[in-house]
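Quick notes on the structure that follows.
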Amino acid sequence: MPEILSSLFSSNPYFSAGIGVLGFGAGLAALRQGLVRGSYLARRKLLVSLEIPSKDKSYQWFLHWMSKQLSNNSHSHTHQYAVQTSFKQHDNGSISTTFSLIPGPGKHYFKWRGVWLQVERQRDAKLLDITSGSPWEIVTLTTLSRDKYIFSELLQESKKLALEQQEGKTVIYTSWGPEWRPFGLPRKRRLLDSVILDKGIKERIIKDVKEFINNGIWYNERGIPYRRGYLLYGPPGSGKSSFIQALAGELEYNICILNLSERGLTDDRLNHLLSNAPERSIMLLEDIDATFTQKRQPTDQQGYHSMVTFSGLLNALDGVASSEERIIFMTTNHVELLDKALVRPGRIDVKELFDNASDHQIKTMFLRFYEGENQLAEEFVQSVKGKKVSMAQLQGHFVFYKNDPKCAVRYSNSFIQDA
Ligand code: ADP
């Protein structure tokens, strides 16, 4: 039987041709597979890659560093850019905007310190980062195996650049889903001297905060939650927010602003945010009365109900039980509306009134604007005596007459009428 088959195949030209084609095809397939395997092995042997997922801290550092490279480096080959906009709010309230170009999704090539690198930015529209709700992204850096040392140099460099940008500045964080994210560019530190308070207030708070910061071990040894709550209350424009900013600058801390009226903020998220703040930061809950008055009906300006409940807030404040230090500042214009449960020690340990300008504050502020004009300063104090004047109003008045102290005195009534 086998002989019959073999004679049949060998004598049949169609069979022989067919087998020839088959063999050729199989050979080609094997060659192709070999090439693929070969190139895969070569890639594995010759190239190294580093993945940076968007979740990682170094991701933002790297993109920022990369945007600098794109603007300075003549050896970069990028055709697809993305824009990143940052805001900077100045002390006078104005906002400036900067745009920087960062590599968009796709592949980019550039040379750094004599080494060629490929940067591939991939965005997965279907996959969401569940913590922030933004598309999942990965940046993959590839270079030759022998140059892999460049990765750690590059990461160090981007970290250095990011930290340099923050040096001497205060970073303001706002909540983004359950995460904290920097809001705009780091701001220049506000100097404590620029905030003029009535005698003793500044010193009292600073002493208390510093003592708290230096006593971590004391709290730890006694099993007491390492947190301290401060309430600054008083009329608007008395320097509550400005002082907290200056205090953060003095301590070299950052500020996390939590808006309790934010839509979609739930008790769980609030709890999570309070327990997971960035290191060395002051937690700031502004205008706490606007969210929770005695009626406990949280609504924001557009009439939307915040989902945070009053008991949720109390739980979150109490629940910061981790051994990590937590400094919480709350501000309010209407302390009388606050529920007693919130204002008790453990939740609020220190209360300070930031009132309308006292004689001492008015005089100091006057002399800050018009150095050496002691006589006029006295006259100014007398002219506004007994009237309710906020420091913000005074500031506005002196800015208006910035080169003319005499007019500032003469027209001292002009702004008081609005008070
Ligand atoms: P608050 O938080 O009490 O409403 P802000 O701190 O927002 O007041 O102050 C508003 C403006 O008034 C800021 O521009 C700030 O510079 C100025 N200001 C208010 N109080 C003071 C103060 N005590 N010393 C110096 N400037 C002040």
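A few notes on this one:
- Region 388-414, residues that are open to solvent by 90 Å² or more (accessible area, probe 1.4 Å) and away from the ligand (no atom under 16 Å from the Cβ): N403, K406, R410, Y411
- Scanning region 170-188 for residues that are at negative phi and open to solvent by less than 70 Å² (accessible area, probe 1.4 Å) returns T170, V171, I172, Y173, T174, S175, P178, E179, W180, L185, P186, R187.
- From the list D289, D318, the one residue that fits, being modelled with pLDDT under 85, within 16 Å of the ligand (Cβ to nearest atom) and not aromatic (F, W, Y), is D289.
- Test: E378 is open to solvent by 60 Å² or more (accessible area, probe 1.4 Å) and within 28 Å of E286 (Cβ to Cβ): no
- Just one of the listed residues (L258, L274) is touching a Lys or Arg at 6+ places or on another chain (Cβ under 8 Å) and at pLDDT 85 or above, namely L274.
- Test: residue in region 339-351 that is open to solvent by 20 Å² or more (accessible area, probe 1.4 Å), within 16 Å of the ligand (Cβ to nearest atom) and either among the polar types (S, T, N, Q) or within 30 Å of S383 (Cα to Cα) (or both): no
- Among (1) in a helix (DSSP H, G or I); (2) under 30 Å from the mean Cα position of the chain (by Cα); (3) in the same structural domain as S238 (by TED's automatic domain parsing), the one test that P345 misses: (1)
- Taken over region 374-414, residues that are within 42 Å of the chain's Cα centre (by Cα) and of a type in the set (D, E) amount to 1.
- Residue list for region 146-164, filter: open to solvent by 30 Å² or more (accessible area, probe 1.4 Å) and in contact with a helix residue (DSSP H, G or I) (Cβ under 8 Å, 6 or more places away or on another chain): L155, E157, K159, L161
The values are calculated or read from the model by the stated rules, or taken from the named source; none is laboratory data. Small disclaimer: the values here were computed from a predicted structure and weren't measured. Using ideal geometry, Cβ is built from the backbone for each residue, glycine included, and neighbour counts are taken over all protein chains shown. We work out accessible area using only protein heavy atoms, side chains counted, and drop any ligands, DNA or RNA first. Shrake-Rupley method; radii C 1.70, N 1.55, O 1.52, S 1.80 Å.
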